[in-house]
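Participant: Pasting a structure below so you can have a look.
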Amino acid sequence: MAEIDDYLQPRAAITENVDLQHIQEVGGFCPLCGKQLLVKKGSKVNKQYQIAHIYPNSPNAHQKVELAGLERLGNTSEDFENKIALCKNCHGYYDDHTTKEEYLKILAIKKELLAINKIREKVSTEDIEEELLILMNQLTAITDQEIEESILKYKGIKIANKIEDNYCILRRKVEFNACTYYGFIKENMKNLSVQKGLKFELLASEVKTAYLKAKGNTDDKVIIFNSLVEWMKSKVTRTSKEACEVMISFFIQNCEVFDEISE
């Protein structure tokens, strides 16, 4: 007698709202090949995607053997966690050529997407000081001369002590931002404190709280950094992503974001 697998449930229809959630989750592009999932032709927008089961809804004999013992997401095969938007080609190929490696690849992508969206939900409620907009505008308009005049002169925790070697690209970005802009930001924050009554401690605590919420959902420092940048950009809409990256780098150096690596 075949063993009953409670994870496998009858196929459930996907509502329009849930379908939209899947598209938003992947940013409108196939997470496997990068193809655009919604294509406008004339006045119409055509769907170039399908909602795929990560673990098959009705696995065949080969899939049962290939995926035996591997992690599954969600409580059942019909949960949101076990589905992902893919272009039609990638979906068809995955269904027809299911392998352990391909399954684990899609599983990892979905887990990262779930972590990112969970962080978005957590930090979206965190507000930041209105005066930060003034500072961000100053940062966007900074000149080479101003940078030279405020080149980094401080003692603090080295970025290398907070970001491990396996995050080399992120570490180099943060190091460059901190070394180039830290002095300028620090000086202008002092000026805003005098002129506008900006409470730096309050702003720092808001960033710290957002970081702790993000950290509670993932240990991946790239995901945390990008999520904090996205959060700041959503709160200070009239600025650039690059300026937000500089500000989060400042708070990494200033100790509100990321803990020092223990020996």
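The values are calculated or read from the model by the stated rules, or taken from the named source; none is laboratory data. Values in this document were obtained by computation on a predicted structure and should not be read as measured data. As a convention, Cβ positions derive from the backbone with ideal geometry for all residues, glycine included, and neighbour counts pool all protein chains shown. All accessible areas refer to the heavy atoms of the entire protein, side chains included, with ligands and DNA or RNA removed. Shrake-Rupley method; radii C 1.70, N 1.55, O 1.52, S 1.80 Å.
Participant: Using Cα positions and a limit of under 16 Å, work out the lysines in reach of residue 213, with same-chain residues fewer than 8 apart set aside.
Facilitator: 118, 122, 221
Participant: Pop out the carbon and sulfur fraction of the accessible area of the chain as a percent, whole number, probe 1.4 Å.
Facilitator: 50 percent
Participant: Further question on the same structure: If you place +1 on the Cβ of every Lys and Arg and -1 on the Cβ of every Asp and Glu, how big does the dipole about the Cα centre of the chain come out, in debye to the nearest 20?
Facilitator: 660 debye
Participant: A further question follows. Just add up the charged neighbours of residue 13: K/R +1, D/E -1, any other residue whose Cβ is under 15 Å from the Cβ of residue 13.
Facilitator: Every neighbour counted, the sum reads -2.
Participant: Summing +1 for each Lys or Arg and -1 for each Asp or Glu, what net charge is found among the other residues whose Cβ lies under 12 Å from the Cβ of residue 85?
Facilitator: Summing Lys and Arg as +1 and Asp and Glu as -1 gives +3.
Participant: Helix-only estimate, please: 222 nm mean residue ellipticity of the chain, summing -39500 (n - 2.57) across DSSP H runs of length 4 or more and dividing by its residues, to the nearest 500.
Facilitator: Helices in the chain give a 222 nm mean residue ellipticity of -16500 deg cm²/dmol.
Participant: Could you give the accessible area per residue of the chain, probe 1.4 Å, as a whole number in Å²?
Facilitator: Heavy-atom accessible area per residue stands at 57 Å².
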